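Enquirer: Shown below is the structure under consideration.
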Amino acid sequence: MRRAFAASLLVALCATLCAARGQTAGEKKEGRRKSRPDLTGTWLPDPTGDANIQDRPGGSKTLRLVIRHAEPEIKISRVNERDGAETARESVYYTDGRGETNPAPAITTTPDGEQRLEDVKSKTKWDGEKLVVRSTMRVRAAGAFLNVTMVEEWKLAPDGQTLTQRTTIKFEPTGGLVRPGEPGHTIVRSSPQEAKRTYRRAAT
């Protein structure tokens, strides 16, 4: 009788401890989710910030970003202006690392001029409070294909009013990028391009 009672007590105690551990783990997981910055909002480029890679003479100009953030999905609509026309391009990212494929910019600047890119494949994850998107693309330029690697880092300021985007782009020739007309078709390689862009939350 005593043994049966002791066994029952031990089973009940183990069940209680397991439930407590599960609840603690769940609370920790929920706490991590709540600690993620919420990027939702309309964001306008800060004219006093650093120039964006895409904002060059003759290129497109970023007018605003519209972000809808509901973990693990983040939708970013980039509204640009080029030659007086306004266009919007929406990209979807998943912070659980599953990967995503989004339309590339219609035109982008490469070491050999403006060329059309294929779709952009990327993987997204949180690095602390910083959102990191690593993308790969391929572009044809000067008779050869370039592999393009882009890393975007998004960080929200503690006051929630400033969003900073740091971008690094690297071009790698798959078989050597040649520039026609140069002696021996010189192979052209490009060092990484870096830029920082600051956005301010639009007034509601």
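The values are calculated or read from the model by the stated rules, or taken from the named source; none is laboratory data. Just so we're clear, the structure is a prediction, and the values are computed from it rather than from any experiment. We place every Cβ from the backbone using ideal geometry, glycine too, and count neighbours over all the protein chains shown. Only protein heavy atoms, including side chains, enter the accessible area calculation; ligands, DNA and RNA are left aside. Shrake-Rupley method; radii C 1.70, N 1.55, O 1.52, S 1.80 Å.
Enquirer: For segment 72-84, which positions are open to solvent by 50 Å² or more (accessible area, probe 1.4 Å) and over 14 Å from the mean Cα position of the chain (by Cα)? Full working, then the answer.
Expert: So in segment 72-84, the residues open to solvent by 50 Å² or more (accessible area, probe 1.4 Å) come out as 73, 75, 81-84.
Correct list: GLU81, ARG82, ASP83, GLY84.
Enquirer: Given the conditions (1) modelled with pLDDT of 65 or more; (2) loosely packed, with under 15 Cβ neighbours inside 10 Å; (3) hydroxyl-bearing (Ser, Thr, Tyr), and given that THR174 satisfies all but one, which numbered condition is not satisfied?
Expert: Only one criterion is unmet by THR174, namely (1).
Enquirer: For the list (1) more than 22 Å from ASN102 (Cα to Cα); (2) modelled with pLDDT under 70; (3) touching a strand residue (DSSP E or B) at 6+ places or on another chain (Cβ under 9 Å), I need the number of the one condition that ALA202 fails.
Expert: Of the numbered conditions (1) more than 22 Å from ASN102 (Cα to Cα); (2) modelled with pLDDT under 70; (3) touching a strand residue (DSSP E or B) at 6+ places or on another chain (Cβ under 9 Å), the odd one out for ALA202 is (2).
Enquirer: Among the residues in segment 67-84, are any within 30 Å of THR204 (Cα to Cα), modelled with pLDDT of 95 or more and not in a strand (DSSP E or B)?
Expert: yes
Enquirer: Out of SER91, SER135, SER122, I need the residue that is within 16 Å of PHE171 (Cβ to Cβ), hydroxyl-bearing (Ser, Thr, Tyr) and either at pLDDT 90 or above or in contact with a strand residue (DSSP E or B) (Cβ under 6 Å, 6 or more places away or on another chain) (or both). Which one?
Expert: SER135
Enquirer: Let me ask something else. Answer yes or no: is there a residue in segment 145-161 that is more than 25 Å from the chain's Cα centre (by Cα) and modelled with pLDDT under 95.
Expert: Scanning segment 145-161 turns up no residue that is more than 25 Å from the chain's Cα centre (by Cα) and modelled with pLDDT under 95.
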